[in-house]
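The values are calculated or read from the model by the stated rules, or taken from the named source; none is laboratory data. A quick note: this is a predicted structure, and the numbers were derived from the prediction, not measured. Ideal geometry is used to build each Cβ from the backbone, glycine not excepted, and the neighbour counts take in all protein chains shown. Remember, those area values only see protein heavy atoms, side chains included, never the ligands or the DNA or RNA. Shrake-Rupley method; radii C 1.70, N 1.55, O 1.52, S 1.80 Å.
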Amino acid sequence: MNSQNGQNGKSNPYALAMQNFEAAADLLELNADIRNMIRAPERALSVTVPVRMDDGHIQCFEGYRVQHNTARGPAKGGIRFHPNVTLDEVKALATWMTWKCAVVDIPFGGGKGGVTCNPKFLSMAEIERLTRRYTTAILPIIGPGQDIPAPDVYTNPQIMAWIMDTYSMTRGYLIPGVVTGKPITLGGSLGRNEATGRGVFHAIESACQHLRLPVKGARVVVDGFGNAGSVAAHLLDSAQADVIAVSDSRGAVYNPEGLHIPKLMLHKEKTGTVCNFPGGECIAPVELLKLECDILIPAALENTVHGGNAPHVRAKVIAEAANGPLTPEADAVLREKNTFIIPDILCNAGGVTVSYFEWVQNEQHLRWDLNEVNTRLEDVMKRSFNEVLEIQLAFKSSMRTAANVLAIRRVVEATRLRGHYP
Ligand code: NAD
């Protein structure tokens, strides 16, 4: 996740999660008892996942499932299959999920899981066996009322279907509410795929309204034209903003008059990259962040904006579609410049919000149409933005601290009201 040193070096992500927590807890003047209760994960399970490989030998992988906090509801958070997965990373991501669910006030706590593996070197059959064995290992602590996984890096709807099937087979009947991000046929929600980008769009609309910055004609730069970034770009384009530059892992394109986003999406679908798009000129990705624009959307990786490049960023608004795209140093530099930053736990919460809608539909055996999903999502994003803004104005803090304060306050309130067991 984020680095603490301000450049791209990796340091302990859990330490950073704790640092953010303490800053907000200080503002809330939380006493030591409550801090200690909600700071650390409630439960962290480490498992060994032995998998029969295609060549017949058994390979053991390490897996984790962490439930950071369940004061407000079942744990919720993705499962990551990646070679860099560590227990500390999973703990940090679970902590962020607690605050993300609380900031948009959905009745979930925070969880996260992962298996240390490189799915690029595994066959489909090996990934299925790995998923089913990992699910079996974490089975005692997951369930629709306990802990509900979802896709994350290198996991997808098919993997969610295998998790659901494994869980359901042990119970003897179909239990779709055990995971979200499922294929639509198996109870996935309409609108889930676009939810994060759509939520980013609504957060930007709210910020523009607050700043009296018209969306129409606003110049937008998107770093990371993937799922979240391209959907946000498309919606902004439909609202007559000018998306002047976008990038992906292979390069960047720029057109000062505004890129034709539907054509660019088709180009990316066909060629796998935004590079060589006929409607724009190629620029070096490092130049993209320096472009003069109204709105910058970092939608790729963590630590994209760091102490080294933050002084060159000229955007008025930064909408953090990615998780942790700004290092603490970049955050400080940009705040100094009065850049309005919509923090990740608020800005990209559209994804978990529609995951919650999926779970609600599963639990009630209902299917909502797309309009209902999108209308409810817009309500959640706009209400949450205004609640964070109110705190930001009251504390004269950053939006990031305000979002943390709102989230932590909600978790503290739930914890206090529940009282101390035993
Ligand atoms: P994605 O894989 O669809 O898109 C990521 C994009 O970033 C790709 O186009 C990739 O080419 C590009 N990219 C990678 N390295 C880059 C680089 N160095 N410079 C520029 N572009 C680069 O992923 P996504 O689902 O859109 O997720 C993007 C970010 O949003 C991640 O940080 C993720 O954690 C966060 N997020 C996503 C969701 C969701 O529901 N999709 C929810 C919450 C947060």
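General observations
- Stretchable slack from Glu363 to Leu139, in nm (0.36 nm times residue separation minus alpha-carbon distance): 78.8 nm
- Residue-averaged [θ]222 nm for the chain, counting only DSSP H segments that reach four residues, each worth -39500 (n - 2.57): -14000 deg cm²/dmol
- Share of carbon and sulfur in the accessible heavy-atom surface of the stretch 30-180 [1.4 Å probe, %]: 54
- Each listed q (0.13, 0.16 Å⁻¹) maps to a log10 I(q)/I(0) for the stretch 120-246, found by the Debye formula over equal Cα scatterers with no solvent: -0.67, -0.82.
- Listed residues Met97, Met160, Met124, most fluctuating in the chain (Gaussian network, C-alpha, under 10 Å): Met124
- Residues of the stretch 404-419 with amide N under 20 Å of the 7 Å Cα→Cβ point at Arg383: 404-415
- Per-residue extension of 0.36 nm, minus the Cα-Cα distance of His312 and Leu370, leaves a gain of 16.9 nm for this segment.
- In this structure, the residue pairs whose Cα-Cα separation is over 19 Å, taken from Lys337/Lys382; Lys76/Lys182; Lys216/Lys316; Lys100/Lys268; Lys91/Lys112, are Lys337/Lys382; Lys100/Lys268.
- Per residue accessible area of the stretch 183-293, 1.4 Å probe, in Å²: 45
- Measure of compaction for the stretch 165-234 (Cα Rg per 2.2 N^0.38 Å): 1.63
- Along each principal axis, Cα extent of the chain, largest first, Å: 58, 54, 43
- Share, in percent, of DSSP beta bridges within the stretch 1-159 that are antiparallel, nearest 5: 60
- Within the stretch 190-244, the trypsin sites (Lys or Arg not before Pro) that combine a DSSP coil assignment with at most 14 other C-beta atoms in a 10 angstrom radius are Arg212, Lys216.
- Estimated FRET transfer efficiency when R0 is 30 angstrom, pair Phe395-Gln240 (beta carbons, to 0.05): 0.30
- Seen through its C-alpha gyration tensor, with square-root eigenvalues sorted a ≥ b ≥ c, the stretch 348-422 comes out oblate because a/c lies at 1.5 or above while a/b is not bigger than b/c.
- Modelled spin labels at Glu336 and Thr273, positioned 7 Å past Cα toward Cβ, are 3.5 nm from each other.
- Close amide H partners of Asp152, meaning residues 5 or more places away or on another chain with modelled amide H under 5 Å apart, are Ile79.
- Rolling a 1.4 Å probe over the heavy atoms of the protein chains gives the stretch 321-422 an accessible area of 46 Å² per residue.
- Whole-angstrom gap from the stretch 195-249 to the stretch 258-287, using each part's C-alpha centre: 16
- The equivalent ellipsoid of the stretch 42-186 has semi-axes of 24, 17, 13 Å, largest first, where each one is the square root of 5 times an eigenvalue of the Cα gyration tensor.
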